[in-house]
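Following: one structure in structure tokens, then a few remarks.
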Amino acid sequence: MNRHLATGSIMLIILLFITFLGPFLPMVDDSLTQQGARFTDSGIEVPPFPPSPQDPLGSDRDGRDVLSLLVAGSKETLLVIVTIVVIRFAVAAILGIGSYYSGLLKGFLSVWSQLFSFMPPVFFVIFFAGMPFIMFSEHRQLWLILAIALVEVGRTANMIRTSMIQSSKRPFFEAGIVTGCSNVTLFKAYFWPELRLMMLTSFVNDLGRTLFLIAQFAVIGVYLQNAFGSIRGGGVETMNNSFIWPSLLDNINQDVFTAEWVVLSTVGFITFTMVTFYLLSNGIRRFYEERYQQSI
């Protein structure tokens with residue numbers, strides 16, 4: 001029995017249920033109402049409120065129910081990470097496959113990989129996010145999605161190219177050349193069967209990796225969407241105006257001591273999603289290996 005695939009599939013169903021049906025659950029406040037204070041038997045409480053029957057996962061510093069925030073942000077979270085990985089693999093497929101046949105693309109891929117390999121991707125994205133035309137752009141989220149996707153293109157493209165090189169060294173590939181197969185036929189018959197498995201498993205696994213990367217940005221105060229507000233005494237501060245899960249970690253330095261339920265709930269949702277994609281990736285790999293006797 002493929003336990004990884006079965007468990008991952010069940011977790012994915014739960015994740016999709018939360019995403020699409022969660023807003024209709026009775027305990028979810030779809031209006032995300034802010035509460036300044038509550039009157040209780042022991043006196044007046046101010047947010048953040050601890051977990052209670054009214055707020056199962058507590059509230060944030062604005063008095064909004066954390067469970068409702070996580071449910072409301074699930075669709076945006078999945079949409080963002082899927083968009084990033086789709087862009088990454090689309091560009092990587094062109095570069096990876098093209099570099100096998102073209103020396104020019106091979107050289108371009110080598111330069112691209114070296115450019116983004118000497119420093120962690122998070123630093124490149126932080127540098128890009130701090131540029132004035134990105135910081136104040138109304139399309140900031142789109143720019144950052146593109147940046148996050150492209151910094152990992154070199155790694156993904158090299159995996160694709162390496163898979164093709166390994167396939168080309170096998171005896172059955174030489175047999176295809178001897179029989180006079182065209183490049184198109186060689187690709188479809190000899191490269192693609194193993195390439196599609198590697199790309200599919202890597203795609204699913206990258207969904208979790210991308211979510212983790214975005215969470216790192218939120219911890220250090222880099223958001224996909226920004227809003228600017230005035231502060232007392234003059235000046236302007238940058239604020240997050242997105243419901244994506246990692247955005248709930250923007251006050252992690254304070255929340256970890258005074259509102260730990262916000263951190264634990266957010267990290268729990270992120271971890272659940274990452275484990276889901278990890279199990280699915282391994283489960284799909286095992287399924288193909290068992291059914292088609294393939295190995296990447």
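Brief remarks on what is shown
- With 0.36 nm allotted per residue and the present C-alpha distance subtracted, the R3-F20 stretch has 3.6 nm of extension available.
- Within the stretch 153-184: backbone nitrogen closer than 16 Å to the V111 label point (7 Å, Cα to C-beta): 154
- Principal-axis tilt of helix 153-168 within the chain, Cα atoms, nearest 10 degrees: 30
- With all protein chains modelled, accessible area of H4 [1.4 Å, Å²]: 50
- Heavy-atom accessible area order for V184, V71, largest first, 1.4 Å probe: V184, V71
- Full-stretch length increase - I10, N253 - with 0.36 nm per residue and alpha-carbon distance subtracted: 84.1 nm
- Candidates V46, V263, V125, ranked by Gaussian network fluctuation over the chain, Cα under 10 Å, top entry: V46
- Charges were assigned to the Cβ only: +1 to each Lys and Arg, -1 to each Asp and Glu. The resulting dipole of the stretch 13-153 about its Cα centre is roughly 720 debye.
- S247 - accessible surface, heavy atoms, 1.4 Å probe, Å² rounded to 10: 10
- With contacts taken as Cα pairs under 8 Å and at least 6 residues apart, the chain reaches a relative contact order of 24 percent.
- Relative to the longest principal axis of the Cα atoms of the chain, the long axis of helix 192-219 makes an angle of roughly 30 degrees.
- Student exercise, the chain dipole from Lys, Arg, Asp, Glu Cβ charges, in Debye to nearest 20: 1460
- Shape category assigned to the chain from the gyration tensor of Cα positions, a/c cut at 1.5: oblate
- Among N158, N282, N253, the largest mean-square fluctuation in a Gaussian network model of the chain (Cα springs under 10 Å) belongs to N253.
- Note that the stretch 258-265 has calculated 3J(HN,Hα) couplings of 10, 9, 4, 5, 5, 5, 5, 5 Hz, one per residue in order, obtained from phi through the Karplus relation 6.51 cos²θ - 1.76 cosθ + 1.60 (θ = phi - 60°); glycine and proline are x.
- The candidates I244, I10, I284, arranged from most to least accessible area with a 1.4 Å probe in the full protein assembly, appear as I10, I284, I244.
- List M159, M11, ordered by accessible area with a 1.4 Å probe, largest first: M159, M11
- Considering only alpha-carbon pairs that sit under 8 angstrom and 6 or more positions apart, the relative contact order computed for the stretch 68-151 is 35 percent.
- Scaled against 2.2 N^0.38 Å for its residue count N, the alpha carbon radius of gyration of the stretch 155-229 is 1.74.
- On the basis of the beta-carbon distance and an R0 of 45 Å, V82 and D41 show a calculated FRET efficiency of 0.45.
- ³J(HN,Hα) computed for each position of the stretch 121-138 - Karplus, 6.51 cos²θ - 1.76 cosθ + 1.60, integer Hz, glycine/proline x: x, 4, 6, 5, 5, 4, 4, 5, 5, x, 5, x, 6, 8, 4, 9, 6, 6
- Per-residue [θ]222 nm for the chain (sum of -39500 (n - 2.57) over DSSP H runs n ≥ 4, rounded to 500): -21000 deg cm²/dmol
- Percent RCO, i.e. relative contact order, over the stretch 17-77, from Cα pairs under 8 Å lying at least 6 residues apart: 35
- Compared with the dominant Cα axis of the chain, that is its longest principal axis, helix 66-101 is turned about 20°.
- Phi-based couplings in Hz for the stretch 43-55 (Karplus 6.51, -1.76, 1.60; Gly and Pro marked x): x, 9, 10, 10, x, x, 8, x, x, 7, x, 6, 10
- Within the listed set E138, E260, E174, the residue fluctuating most in the Gaussian network model of the chain (springs between alpha-carbon atoms under 10 angstrom) is E174.
- For S59, the residues whose modelled amide H falls within less than 5 Å of its own, excluding neighbours fewer than 5 places apart on the same chain, are F49, V66.
- Whichever lysines have a C-alpha closer than 30 Å to that of K188, once near sequence neighbours (fewer than 8 apart) are set aside: K106, K169
The values are calculated or read from the model by the stated rules, or taken from the named source; none is laboratory data. Keep in mind it's a predicted model, so treat the numbers as computed, not measured. Note that each Cβ is placed from the backbone with ideal geometry, even for glycine, and that neighbours are counted across all protein chains shown. Note: accessible area is taken over every heavy atom of the protein model, side chains too, but ligands, DNA and RNA are not part of it. Shrake-Rupley method; radii C 1.70, N 1.55, O 1.52, S 1.80 Å.
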